[in-house]
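Report on the structure given below.
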Amino acid sequence: MSRTALNRDEKKQGWREPGDDAGWLNPVKERFLLRLLVKKELRVRYRGSVLGMAWSYVKPAAQFLVFFIALGVFLQLNRSMPAYAVYLFSGIVVINLFGEVFGNCTRSISSNAPLVSKIYLPSELFPWSSAVVAIIHFIPQLLVLTVGSLVFGWRPGLTEAASFAAGFAILVIFTVGLGMLAAALNAAFRDVENFVDLIIMIATWASPILYPVSLVHKEMGGSVLWSLYAHNPLTIVVELFHSAFWRGYARTAHPSGEAQAAIDIGSSVAGLWWFGLLTAIATFIVGALVFDRAKRSFAQEL
């Protein structure tokens with residue numbers, strides 16, 4: 001019997017060659033294994049912890065208070081921007097999800113070295129399980145943001161729901177793509193994870209999270225730098241979240257000056273959602289291809 005016929009017969013019986021898998025579709029086909037890895041990551045992360053999942057509230061709350069006091073109170077952005085607390089926190093949840101998905105995915109292969117090198121599991125499950133854990137931590141922050149927005153008078157509609165859905169989809173697709181690319185590189189070069197930490201720190205200030213986007217437009221409007229800033233997928237996602245949770249209420253507060261400029265310019269940036277989505281898909285494809293090629297040598301690298 002020929003080798004081709006043998007392979008065909010083995011596949012009919014459910015057998016396959018090592019590494020012959022569904023690629024980036026592995027998390028969908030191997031949902032049971034993905035759930036096991038997610039549970040494992042949650043258990044390991046909170047082993048010996050008293051607060052456990054409560055840290056999903058404590059960390060962003062402390063982060064919000066520091067930025068709100070420093071920028072909202074001391075720099076008086078709370079006076080010039082209606083519902084600055086909602087504006088600030090809707091950006092913080094974006095950068096927190098970006099940072100956790102990107103950082104965890106980058107370390108997902110190296111931190112699971114015993115599993116990767118000794119047991120065959122589809123390698124895509126590791127960055128995806130890290131992303132799912134990050135989304136689980138994102139949910140409590142989203143609930144707090146929703147309640148806080150309602151207190152300020154926010155009333156969601158179709159526009160707000162569409163803005164949130166578009167922003168969340170772009171953020172997850174874009175960040176998982178970056179994470180898979182970084183995870184493949186980090187398996188061979190451990191310096192990559194330190195470089196990723198640096199990117200996350202810079203991204204906090206390179207997007208309109210802590211300050212109005214109108215301030216950037218005032219300094220760079222019409223220049224190449226402004227175009228690069230406005231077309232940054234993170235900038236687009238942040239402004240989509242502002243559209244979802246802040247901009248509708250801010251318009252009813254009769255804003256003027258910097259606040260009105262932030263509403264108008266932020267709306268135009270959010271209108272670039274299609275560019276953000278295309279960039280996210282392209283990044284995901286590149287990350288998946290690089291990861292698929294690199295995964296065959298993970299065991300040797302580790």
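The values are calculated or read from the model by the stated rules, or taken from the named source; none is laboratory data. These numbers were taken from a predicted model, which means no experiment stands behind them. A quick note on method: Cβ atoms are made from the backbone with ideal geometry, for glycine too, and the neighbour counts reach across all protein chains shown. Just so you know, the surface numbers come from the protein's heavy atoms only, side chains and all, with ligands and any DNA or RNA stripped out. Shrake-Rupley method; radii C 1.70, N 1.55, O 1.52, S 1.80 Å.
Worth pointing out:
- Note on K218: accessible area is roughly 130 Å² with a 1.4 Å probe, heavy atoms of protein only.
- Cα-Cα over 25 Å, subset of K40/K118; K29/K59; K59/K295; K59/K218: K29/K59; K59/K295; K59/K218
- Heavy-atom SASA rank of W246, W274, W128, W226 (probe 1.4 Å, accessible area, largest first): W274, W128, W226, W246
- Calculated Rg and Dmax of the Cα atoms in Å (choose from [x] 21.6, 80; [y] 19.0, 57; [z] 18.2, 60), label: [x]
- Accessible-area composition of the chain, carbon plus sulfur, in percent [1.4 Å probe]: 67
- Other residues within the sphere of radius under 15 Å centred on the Cβ of S149, judged by their own Cβ, net out at +2 (K and R +1, D and E -1).
- The residues of the chain expose on average 51 square angstrom of accessible surface per residue, using a 1.4 Å probe on protein heavy atoms.
- GNM result for the chain, Cα springs below 10 Å: residue of L71, L181, L145 fluctuating most strongly: L71
- Counting heavy atoms of the protein chains alone, L25 has an accessible area of about 70 Å² for a 1.4 Å probe.
- Candidates Y46, Y229, Y211, ranked by Gaussian network fluctuation over the chain, Cα under 10 Å, top entry: Y46
- Prolate/oblate/rounded label for segment 131-248 (Cα gyration tensor, a/c 1.5): oblate
- Result for the chain in a Gaussian network model with C-alpha springs under 10 Å: among I263, I95, I199, the largest mean-square fluctuation is at I199.
- Accessible area ranking (1.4 Å probe, heavy atoms, ligands and nucleic acids excluded), largest first, for R293, R107: R293, R107.
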